[in-house]
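Read through the structure below, which is laid out as structure tokens, and then see the notes.
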Amino acid sequence: MITLETVLIGGLLAAFLPCAAMGLSLLIGAPMSERRSQQSAHAQALVLFVVAAALIVAHFRGDGPRELRLAPLLEAHGYSWTPVFLLDRLSLAYVALVALVHQVVVRFSIPAFHRESGAQRYWFLVSLLALSLWLVSLAGNIDVLFVGWELVGVCSVSLIAFFRHNLRSTENSLRALVYYRCCDAAMLFAAVWIHHELPSSDFTQFANAAGSKAAAGIGALLVLSSLAKSAQLPMSPWLHRAMEGPATSSAIFYGALSVHLGPWLLLRTQPLWDEHLLPRAACGLIGLATAVYASLVGRTRPDAKTALAYAAMAQLGVIYVEIALGLETLALVHLWAHAGLRTWQFLRSSSLIQDFQANPLVGADVRLRARAGLWRALVGAQLERRIYLAAMRLFWLDALHWRTVARPTLALFGWVQRVEERVLGGAGRGSAE
Amino acid sequence: MQEQLELTVRDQRGARIALVLGAALAAVLWTLDDPLELAAAWLAFGAWTVWRARASTSPQLPLLALVGGACGGVVLLAPHLPQWALAACLAIGAGVAPAHLWLESLRRRLARDEFALVLVAQPFVALLHGFVHAYPGALEPQTLEVLQRVFVASALIQSGLALVRREPERVLGAVIQSQSALVIAGAAAGETGWEAARMLLVSTMGSGLVLMSIASELRRRFGALDAASHHALAKTAPKLHRLFVVCGWTFVGLPGGAAFFAEDLLFHALVGQSVAATVGFIVAAGFNAIAFYRLYLALFTGPTVRPAYAPSATASWKIVALTLAVLALLALGLAPSLLVQHSG
């Protein structure tokens with residue numbers, strides 16, 4: 001008898017194997033042929049698709065939400081790291097989204113990466129990212145979610161730096177990592193706090209723990225930890241830079257899938273903090289501020305991919321507001337529709353001009369016209385110009401981060417190093433410093 | 001000319017023998033339980049570092065290192081000192097910032113491989129382990145708590161220094177010192193903390209060995225490298241590149257390595273004792289990841305530069321050994337319970 005457990009675990013293992021094979025062959029320096037890499041990625045995408053379909057069918061046949069608990073990976077003095085998976089409406093919605101979009105990415109990447117240097121690395125990263133997204137969506141407790149969350153971060157950063165010879169790509173990937181690590185630290189602290197204060201770290205038990213004193217604090221930390229992945233203020237400056245990644249195919253992954261992990265995390269943990277004002281207010285205000293910020297900045301961007309990144313950021317802000325207002329179903333539907341729309345737009349972004357010209361509704365004489373409407377009447381021409389200039393400069397957010405966080409931190413440790421050198425005299429023998 | 005060449009070969013052979021001797025002494029440190037024997041082994045290891053420091057640079061004694069080493073030895077021989085004195089000696093002996101200056105002074109005087117051995121062998125952890133094992137009640141809980149915070153603060157400083165260091169070995173050295181300070185802080189957090197510290201220690205020693213070996217090999221092949229510029233070595237040294245990136249990510253606590261579970265376990269052990277120390281720990285771990293990635297980007301990415309000369313290749317036995325070490329670290333990450341003694 002094939003049980004739901006067998007399907008899920010078998011599916012995860014089957015999706016893990018091609019990924020592991022590609023990773024291992026890269027590590028030992030015996031790379032696969034291009035065709036073999038493509039086949040592995042294709043096989044994995046197919047497995048994810050079939051397993052997603054099987055899980056959804058099982059869910060709708062009346063099994064309802066199911067929690068699958070495996071044997072602990074680590075146990076020590078009362079501490080236990082147990083893989084727990086949760087199959088419910090929310091997890092299956094995201095699993096289905098990943099399974100569908102992954103198929104599209106694989107299909108479009110095959111011609112895009114034909115004879116491209118580092119193609120196997122690309123296939124490995126894309127496969128690992130898909131698997132990590134699955135882990136996040138199927139996680140039944142905060143520990144499993146954190147594993148997937150971390151892997152998604154590293155895969156995204158590695159994809160941004162895919163073109164290693166391009167200095168801007170690598171610098172942008174470092175910047176993305178810094179934002180990710182800041183928010184991952186918040187998630188790690190939330191996870192530790194959950195283990196310490198709540199009776200269980202399982203998501204199914206969160207509703208029972210909503211009355212806990214720590215729930216508001218944990219909720220606020222979870223909101224904070226979701227900001228970097230979804231590029232919400234003040235953690236937004238990395239997203240448009242992430243578009244340095246290879247082609248549209250990887251942009252889909254972090255432009256249409258991994259950016260939705262923030263709202264997804266909030267939806268998943270909402271039963272815990274829903275009753276508390278602090279996390280809800282933080283979620284709503286941040287979402288609103290980001291929606292306004294991204295709409296304004298997006299209008300000043302000259303290229304399609306960056307404009308799309310800001311459009312995605314604005315919509316994500318709206319989803320945050322919906323979550324703060326307690327409209328979970330609307331937020332979930334919005335998330336799905338938005339991811340679908342962005343996937344399509346990212347795929348078409350490289351042929352945007354041709355699309356415009358070939359569109360019979362637009363015609364051949366496309367002109368960009370300034371539309372003076374309600375907006376100008378409300379703010380006046382002078383203020384509008386000032387807002388436009390501020391939006392062009394991203395409202396000085398980069399400079400603000402640099403001046404208030406990065407530069408003081410580096411200056412502090414630079415000073416410690418200089419003191420060290422003054423005490424010991426120079427940087428030492430043969431040092432480059 | 002011929003004579004000079006023979007001299008260089010003889011020097012190299014001598015340095016290699018000295019390195020093996022140092023490794024043997026460090027291994028002995030980890031095998032002893034008796035405090036007197038441990039003190040003797042600690043002093044022998046200290047004597048080795050002094051000998052090598054004098055042989056490598058100048059005949060002057062490395063005074064700071066001698067003071068640091070002596071402080072470490074004192075705790076084993078006089079465990080009934082007042083609490084503050086014990087704590088101070090342990091902190092200085094373990095190279096807690098600002099007492100890390102004695103280690104830093106030693107780095108300037110030892111050959112690179114020899115200092116890498118001092119870092120990777122973690123003699124300070126061996127000393128502390130031996131001390132706690134031999135005199136279980138010597139440190140009062142309050143003293144342990146203070147020490148724990150001091151070690152976390154030191155880890156934070158070291159990870160911050162890793163962000164501004166420019167020489168690859170120094171960046172890695174700072175990350176290793178930060179991790180080992182976290183190991184010690186964790187070891188003071190009860191039985192769970194000790195289990196976690198053991199896991200993190202294995203990961204730090206294994207990954208530290210692989211990463212330092214790769215950095216040393218890159219220096220041998222390509223000369224002095226600088227973390228402030230891009231060297232684009234991914235194409236020139238693809239095997240070392242792969243090993244560096246995989247080992248580095250697992251070293252700084254990415255899922256897939258033992259450090260991930262060890263850090264998770266350590267956080268849980270620590271949060272019950274001090275929230276501030278836990279926050280410091282989390283920030284230090286975050287800094288370490290950023291420092292590693294910055295170094296990786298500097299060494300292996302950037303516009304490809306054609307080297308002016310054809311650098312010699314890495315010996316295949318080295319690649320095989322490093323690959324096996326990385327695979328072993330990954331296997332431990334998949335089965336972390338292998339590193340836990342008392343499960344359940």
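The values are calculated or read from the model by the stated rules, or taken from the named source; none is laboratory data. Everything quoted here is computed from the prediction, not taken from an experiment. Quick reminder, even Gly has a Cβ in these numbers, built from the backbone with ideal geometry, and neighbours come from all protein chains shown.
A few notes on this one:
- The set of residues in segment B:184-238 being assigned to a helix (DSSP H, G or I), of a type outside the set (Gly, Ala, Ser) and farther than 25 Å from B:Ala315 by Cβ consists of B:Ile184, B:Glu191, B:Thr192, B:Trp194, B:Glu195, B:Arg198, B:Met199, B:Leu200, B:Leu201, B:Val202, B:Thr204.
- Total residues in segment A:156-165, condition more than 8 Å from every other protein chain (Cβ to nearest Cβ) and under 11 Å from B:Pro303 (Cα atoms): 1
- Qualifying positions in segment B:313-330 - small (Gly, Ala, Ser) and at pLDDT below 90: B:Ala313, B:Ala315, B:Ser316
- Residues satisfying the stated conditions in segment B:69-88, i.e. within 16 Å of B:Leu29 (Cα to Cα), of a type in the set (A, V, I, L, M, F, W, C) and touching a residue at least 40 places away in the same chain (Cβ under 8 Å): B:Val75, B:Leu76, B:Leu77
- In this entry, B:Ala321 passes the filter for residues that are surrounded by fewer than 20 Cβ atoms within 10 Å (Cβ to Cβ) and either more than 7 Å from chain A (Cβ to nearest Cβ) or free of Cβ contacts under 8 Å to residues at least 60 places away in the same chain (or both).
- Close Cβ contacts (under 6 Å, 6 or more residues apart or on different chains) running from residues in segment B:89-102 that are on the phi > 0 side of the Ramachandran plot and without any contact (Cβ under 8 Å) to a residue 12 or more places away in the chain to residues that are among the aromatic types (Phe, Trp, Tyr) and surrounded by fewer than 21 Cβ atoms within 10 Å (Cβ to Cβ) are absent.
- Taken over segment A:307-339, the criterion of being in contact with a Pro (Cβ under 9 Å, 6 or more places away or on another chain) and without any contact (Cβ under 8 Å) to a residue 60 or more places away in the chain is satisfied by A:Ile319, A:Glu322, A:Ala324, A:His334.
- Flag if A:Ala406 is closer than 25 Å to B:Ala227 by Cα, modelled with pLDDT under 80 and either within 14 Å of another protein chain (Cβ to nearest Cβ) or touching an Asp or Glu at 6+ places or on another chain (Cβ under 9 Å) (or both): no
- Segment B:239-295 - residue that is surrounded by fewer than 23 Cβ atoms within 10 Å (Cβ to Cβ) and outside any helix (DSSP H, G or I) and, of those, nearest to the other protein chains (Cβ to nearest Cβ): B:Pro255
- Residue among A:Arg168, A:Arg175 that is more than 9 Å from chain B (Cβ to nearest Cβ), surrounded by fewer than 21 Cβ atoms within 10 Å (Cβ to Cβ) and either at pLDDT below 90 or over 18 Å from the mean Cα position of the chain (by Cα) (or both): A:Arg168
- Counting only strands (runs of 3 or more DSSP E) that sit completely within segment A:13-121, those holding 2 or more residues that are more than 14 Å from every other protein chain (Cβ to nearest Cβ) correspond to A:66-69, A:84-87.
- Residue that is surrounded by the fewest Cβ atoms within 10 Å (Cβ to Cβ) [pool: residues in segment A:74-85 that are at pLDDT below 85 and not polar (S, T, N, Q)]: A:Gly78
- Residue list for segment A:202-213, filter: assigned to a loop (DSSP other than H, G, I, E, B) and touching a Ser or Thr at 6+ places or on another chain (Cβ under 9 Å): A:Phe206
- Just so you know, in segment B:196-219 the residues that are among the charged types (D, E, K, R) and within 13 Å of another protein chain (Cβ to nearest Cβ) include one that is surrounded by the fewest Cβ atoms within 10 Å (Cβ to Cβ), and it is B:Arg219.
- So B:Ile157, is it of a type in the set (A, V, I, L, M), touching a residue at least 40 places away in the same chain (Cβ under 8 Å) and touching a Cys at 6+ places or on another chain (Cβ under 9 Å): no
- Verdict on B:Gly190 being within 14 Å of chain A (Cβ to nearest Cβ), among the small types (Gly, Ala, Ser) and at positive phi: yes
- You will find that of A:Ala71, A:Ala41, the residue that is touching a residue at least 60 places away in the same chain (Cβ under 8 Å) and over 16 Å from A:Val95 (Cβ atoms) is A:Ala41 and no other.
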